[in-house]
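Notes follow the structure.
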Amino acid sequence: MEEAVILSPPSTEKLVVTYLALGDSYTIGESVAQNESFPYQFVTKLKLQGLNAANPKIIAKTGWTTDELQVAIKAENLNQTFDIVTLLIGVNNQYRGYSKITYRKEFKELLQTALGYASGNKKRVFVISIPDWGVTPFGLSSGKSAKAIADEIDAFNAINKEETLAMEISYTDITPDSRKAATDGSLIAKDGLHPSGKMYLQWASAIDLRTLDTP
């Protein structure tokens, strides 16, 4: 007599979607509550899309340049991969007057790092452009013209966009919307420099998830 085989019912539990956010103050969410930061609002968007997204793993700090982000990533010594990785870096390279040639080199390296953490799946990496801080109260009182700052931001964004698209990775250009802060103070945090939760929500909403390839 054959032994009966008892089948377990299929699991209704959704797989947890993991997310790594790499960047600087615009990723850590300087001057806003954690739940208003870009990565956490992006997680909310993922959940609204029906994904069981975990809280983000964030490697970011106010003031970081591309090389400082590289050092921090190595120090974290992560031994896991993620379902989604975002990268937003470069404003401090521009602010400090760093070389665009060096930025290109280090951005390309960071893009490869992000891809590695996404298990080499290009459909799981999302790059966000650098916002324009020149329209903020801080920028307007910096002694540098808003046009000069905008031109420099555009030059750095031209680099990160070119390298991102060359690798066939998703690129989200939030810079035009960031410039609306010139006439809409609600888009600026209380420190007069960084984005408000309202602006971060716009960024999270702008990311196109239609090509996202998750488990």
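Inspect segment 200-209 for any residue being modelled with pLDDT under 95, over 19 Å from THR65 (Cα atoms) and of a type outside the set (D, E, K, R) and give the result as yes or no.
Within segment 200-209, one or more residues are modelled with pLDDT under 95, over 19 Å from THR65 (Cα atoms) and of a type outside the set (D, E, K, R).
Okay, residues lined up against (1) farther than 25 Å from ASP191 by Cα; (2) touching a strand residue (DSSP E or B) at 6+ places or on another chain (Cβ under 9 Å); (3) at pLDDT below 95:
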| residue | (1), (2), (3) |
| --- | --- |
| ILE89 | no, yes, no |
| TYR98 | no, no, no |
| THR102 | yes, no, no |
| GLU106 | yes, no, no |
| SER141 | no, no, no |
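The values are calculated or read from the model by the stated rules, or taken from the named source; none is laboratory data. Please read all numbers here as calculations on a predicted model, not as lab measurements. Backbone-built Cβ (ideal geometry, glycine too); neighbour counts: all protein chains shown.
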